[in-house]
1. Compute the FRET efficiency between residue 225 and residue 62 as 1/(1 + (r/R0)^6), taking r as their Cβ-Cβ distance and R0 = 22 Å, and round to the nearest 0.05.
2. Name the residues of region 141-161 whose amide N is less than 15 Å from a point 7 angstrom out from the Cα of residue 100 along the C-beta direction?
3. What does the charge add up to near residue 149, with Lys and Arg as +1, Asp and Glu as -1, over the other residues with Cβ less than 12 Å from its Cβ?
4. Using +1 at the C-beta of Lys and Arg and -1 at the C-beta of Asp and Glu, which of 47, 72, 82 has the Cα lying farthest in the positive direction of the dipole of region 17-82?
Amino acid sequence: MTPVNAILLFLAGIAAGFVNVSAGGGSFLTIPLLIILGGLPATAANASNRVAILLQNVIAARNFRRHGFRDIRQGIKLGLSAMVGAVIGSMIALDVPENVFRTILSVIMVLALAVILHTNRKKCAEHIYQQLRHPVLQIFMFFFIGIYGGFIQAGTGYLVICSLSIIGGLSLVKTNSLKTIIIAAYLVPSVLIFLLNGEIRWFPALVLASGTSIGGWFGSTFAIRKGDRWIKIILVVAILVMAAKMIGLF
């Protein structure tokens, strides 16, 4: 990877980290860039991206905690369910041939747009609750979210927002604080599985991680200071940019 490509990947990581923590979908940018700028095979890009997302969420979770969002028990409970699913999803990803994975990634990017737009059309947490609704259902949902996240990761943030905010009734700020804990939890076994199978490329992974960590800190600070209204604006902007990318406008 050339120095110019490394700088571009770092800058993209800052943007992706901010979007991931504030809304979601940053991996739809970083996985293709790891392939294009880092010269990685698709499976290695999928694996290496997880190092960056893990560090980004650890930094963001610490920042949320520093500002009073301390519901770690709930995050760990859902995170443990997602961890079990992530092990399954990661093992599936390792067995998928390179050309098949590229096709699956392309299809999921298109399908994710429908999910994202559906999520955006609904009023996120129209009735805000202090405690998570349907906690048993949430555990089952996060098992399947973990399978998806273990397999491809990209777009998982939108699924978490849908589960915690729309179904669970939490505010978007609290949702994002829990999201960082849950995603960080299930990424630990996922990263280990890819690492043990030799799929992580450390240099591009750490270049990207340095950017996403900075972006994650800014994203969590933004969410805390600006609240639900501005998070919704970031969600809308992220969706529109992703939609434009998918239909080939840039």
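Every read-out reported here was derived from the displayed coordinates using simple, explicitly stated rules and does not represent laboratory data. Quantities reported herein were computed from a predicted structural model and do not represent experimental measurements. Neighbour counts are summed over all protein chains in view; Cβ atoms, including those assigned to glycine, are modelled from backbone coordinates with ideal geometry.
1. The value I calculate is 0.85.
2. Correct set: 151-152.
3. +2
4. Of the options given, the answer is 72.
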